[in-house]
Amino acid sequence: MDNIQVLDENGSVDASLFPEGLDDGKILEMYRYMSLARALDNKILSLQRQGRAVTYGPMLGEEATQIGSAMAMRENDIFVPNFRQHGVFLLRGMPIELILLYWKGYEEGCMIPEKVRGFPYIVPVASQMPHAMGIAFAQKYKKSDVAVIGYVGDGGTSEGDFYETLNFAGAFKLPLVTIIENNQWAISMPRARQSAAETLAQKGIAAGIKCVQVDGNDVIGVYKVVKEAIANAKDGPTVIECVTYRMSMHTTADDPTKYRSQAEVDAWKPRDPIDRARRYLSGKALWSPDFEAKMQEEQAKVIDEAVAKAEAWKPDPKSIFEHVYSYMPEVLKEEYDEAVANDFWQGEVSS
Amino acid sequence: MKVNMVSAINSALNLTMQESEDVVLLGEDIARDGGVFRVTEGLLNKYGERRVIDTPLAESGILGAGIGMAMAGLHPVPEIQFAGFMFMGFGQLINHAARYRSRTRSTYKVPMVVRTPISGGVRTLEHHSDSPEAFYSHVGGLHVVVPSNPYDAKGMMIKSLHMQDPVVFLEPTKLYRLFKQEIPDEMYEVELGKANLVKEGTDLSIITYGTMVNQVTTVVEKRNLNADVLDLRTINPLDESAIIQSAKKTGKVLIVHEAPLGFGIGAEVAARIAEKAIFNLSAPIIRVGSDSFPYPFPGYENYYIPNTLKISKAIDRLLGA
């Protein structure tokens, strides 16, 4: 099985593998999005620490996997995330205030605009994969050339839903690209103990699916393999394992110092996906400290505006009742009327 | 046409497939084999393998695929071969089908009809006779339907396929071929969430559904009772007003279902009556269900499923109170 790396840790590219049609402008754009993703990640983390967001799963260190794969999607391609693909959402044009609404604990954050062509965060591990497969099924049924890109973590590859999805996708030759965002840790379970398989990508072999492993911190490499998988999607599925590293905690409720050493984390620092892309751009004179300062300032402004919007937004408890079914059944209407008549929503939940 | 429940459901699927290309069937052995109960027989020939899809053996995968297909604009009808195997896909139904609409405030919806045979009485092997309706009703977000006759089965299937909600359509195996009924050839709908007053009377109310409807009417007819017999037809959402109306009229309520007694549909119905009509009652509410343990092997099932004697004794208690 191929193990692809185009952009190495020093910012040098392997010209023989450089993807066709990728120009420096696009690489610069990916750099901007990786930076935006990191800035947003930091912001939500800090909001959570201040009690202004709920439990949050940071993406620190996984920017190249997300931005490289999202950039490879065509306009109409559809993605199905797990709960960590904030970068994919950003690149696909998800309004930041909606991302924030989700992490502030409101369903309205899942009201994804149609143009994003994405599905909402899914928390039960790997259970989104059969959906991605069904969505791919529908594309084939409608004879559209749309590809579906499903994301799953290293831990998720142990789930039955993951295997069932690969098996279906292979049997029906579905236009499904499965991206394993292998960040080495499933909460406290290291990759080595998750599976005896040498690679996670090879799990596709048993399903008769093409599989490839790529350096998940190499934004150009990820872009390349995803682009190729999407181009081949009309002929069948691909499994791509992006080998990256979760630099931060599983979620804000997790303390990784309990189960992994700082030395291990430090060993991954030189492989940082953003630093690596910066070295490349710097070498091409496309990056400077001034550029960086200006970009960061702009991005901070965009994020702050979104935070202000999200925090000004007011929830409406009526909406909980209105969207359970396509109509409000009598028995539910009665519960709703009772709540309104008695001002239950004004009551306090005691500690 | 005079048909049994198998043909009635088959007719509903055929008519809705004819009406809309979005309707797609998927499941184990449903295409070439026509389904293990032959409910989908003939549909492969008519609509081809693009729309009648034999899938690999994977219940969670089938239901999860259905959810994805539904969200991508199709109206899938996944079949799970037996309700006992549907637990393998339970997570997909509870975590996703039931809540995708609410968690996205209707940005995404899951128009999907999950079909599976339920209940016993036909001497099947283990795991082929469960009555799991309470599980699927508890979560909210799923319509849960149990038809008791061919007319309702066809009309409710058509209605389900005209809705934009996930429906768990539970088909009592025993009723598939038990009797035939004259029903319209053409398309018609039976509303979900509406019970059917099978018999009208003033002395007592018997609230039931599925396989127990025939058991109950047999007892009522044999004893010549002046009873309301209410067939719930839809378990969720419950037709509470029909239940309360009947309870208030007769003041005596018996609830009968094949599913185990504990934490069951009977408890839900009884609680609603207790809240809204307890002062109209002249006797305690009585529930009859299967005993509160997992479904036994077929050799023992006749000792387990409520029979006419058990129902009759419950009526004695109710009328004697």
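If you go through the stretch B:20-35 one residue at a time, do you hit one that is open to solvent by 20 Å² or more (accessible area, probe 1.4 Å), aliphatic (A, V, I, L, M) and under 22 Å from the mean Cα position of the chain (by Cα)? No; the residues of the stretch B:20-35 include none that is open to solvent by 20 Å² or more (accessible area, probe 1.4 Å), aliphatic (A, V, I, L, M) and under 22 Å from the mean Cα position of the chain (by Cα).
Yes/no per residue for (1) modelled with pLDDT under 95; (2) of a type in the set (Ser, Thr, Tyr); (3) open to solvent by 10 Å² or more (accessible area, probe 1.4 Å):
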| position | (1), (2), (3) |
| --- | --- |
| B:Pro111 | no, no, no |
| B:Ser119 | no, yes, no |
| B:Tyr136 | no, yes, no |
| B:Leu142 | no, no, no |
| B:Val145 | no, no, no |
| B:Asn149 | no, no, yes |
| B:Pro184 | no, no, yes |
| B:Leu192 | no, no, yes |
| B:Ala195 | no, no, yes |
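Quick check on B:Val110: is it in contact with a strand residue (DSSP E or B) (Cβ under 9 Å, 6 or more places away or on another chain), within 14 Å of chain A (Cβ to nearest Cβ) and closer than 18 Å to B:Val39 by Cβ? So B:Val110 fails the test.
Consider B:Glu171 against the criteria (1) facing chain A (nearest Cβ under 10 Å); (2) surrounded by 24 or more Cβ atoms within 10 Å (Cβ to Cβ): it satisfies all of them except one. Which criterion is unmet? It fails just one condition, (1). Reported count of residues in the stretch A:241-265, each being closer than 14 Å to A:Glu9 by Cβ and not in a loop (DSSP other than H, G, I, E, B), is 1.
Of all the listed residues (A:Arg278, A:Arg260), the sole one being surrounded by 15 or more Cβ atoms within 10 Å (Cβ to Cβ) and more than 30 Å from A:Met133 (Cα to Cα) is A:Arg278.
Out of all the residues in the stretch A:152-174, which are open to solvent by less than 10 Å² (accessible area, probe 1.4 Å) and within 14 Å of chain B (Cβ to nearest Cβ)? Once the filter is applied, which keeps residues that are open to solvent by less than 10 Å² (accessible area, probe 1.4 Å) and within 14 Å of chain B (Cβ to nearest Cβ), the stretch A:152-174 yields A:Val152, A:Gly156, A:Phe162, A:Thr165, A:Leu166, A:Phe168, A:Ala169, A:Leu174. All told, A:Ile135 falls short of being facing chain B (nearest Cβ under 7 Å) and over 28 Å from A:Val243 (Cα atoms). Of the residues in the stretch B:85-104, not one is surrounded by fewer than 19 Cβ atoms within 10 Å (Cβ to Cβ), facing chain A (nearest Cβ under 9 Å) and touching a Cys at 6+ places or on another chain (Cβ under 8 Å). Applying the criterion of being of a type outside the set (Lys, Arg) and open to solvent by 20 Å² or more (accessible area, probe 1.4 Å) to the residues of the stretch B:121-130, the residue that is nearest to the other protein chains (Cβ to nearest Cβ) is B:His127. When the stretch A:157-199 is examined, which residues are found to be assigned to a strand (DSSP E or B) and β-branched (Val, Ile, Thr)? If the condition is that a residue be assigned to a strand (DSSP E or B) and β-branched (Val, Ile, Thr), then A:Val177, A:Thr178, A:Ile179, A:Ile180 are the ones that fit.
Go through the residues of the stretch B:69-78 one by one and say whether even a single one is without any contact (Cβ under 8 Å) to a residue 24 or more places away in the chain and facing chain A (nearest Cβ under 7 Å). Yes, the stretch B:69-78 contains at least one residue that is without any contact (Cβ under 8 Å) to a residue 24 or more places away in the chain and facing chain A (nearest Cβ under 7 Å).
Counting residues in the stretch B:29-51 that are touching a helix residue (DSSP H, G or I) at 6+ places or on another chain (Cβ under 9 Å), over 17 Å from B:Met163 (Cβ atoms) and within 11 Å of another protein chain (Cβ to nearest Cβ) gives one or more.
Quick check on the stretch A:210-224. Is at least one of its residues more than 21 Å from the chain's Cα centre (by Cα), surrounded by 17 or more Cβ atoms within 10 Å (Cβ to Cβ), farther than 16 Å from A:Met34 by Cβ and free of Cβ contacts under 8 Å to residues at least 60 places away in the same chain? Checking the stretch A:210-224: at least one residue is more than 21 Å from the chain's Cα centre (by Cα), surrounded by 17 or more Cβ atoms within 10 Å (Cβ to Cβ), farther than 16 Å from A:Met34 by Cβ and free of Cβ contacts under 8 Å to residues at least 60 places away in the same chain.
Can you find a residue that is touching a Leu at 6+ places or on another chain (Cβ under 6 Å), of a type in the set (Phe, Trp, Tyr) and more than 14 Å from chain A (Cβ to nearest Cβ) anywhere in the stretch B:202-210? For the stretch B:202-210, residues touching a Leu at 6+ places or on another chain (Cβ under 6 Å), of a type in the set (Phe, Trp, Tyr) and more than 14 Å from chain A (Cβ to nearest Cβ): present.
The values are calculated or read from the model by the stated rules, or taken from the named source; none is laboratory data. This structure is a prediction, so every number in the text was calculated from the model and none was measured. Backbone-built Cβ (ideal geometry, glycine too); neighbour counts: all protein chains shown. We work out accessible area using only protein heavy atoms, side chains counted, and drop any ligands, DNA or RNA first. Shrake-Rupley method; radii C 1.70, N 1.55, O 1.52, S 1.80 Å.
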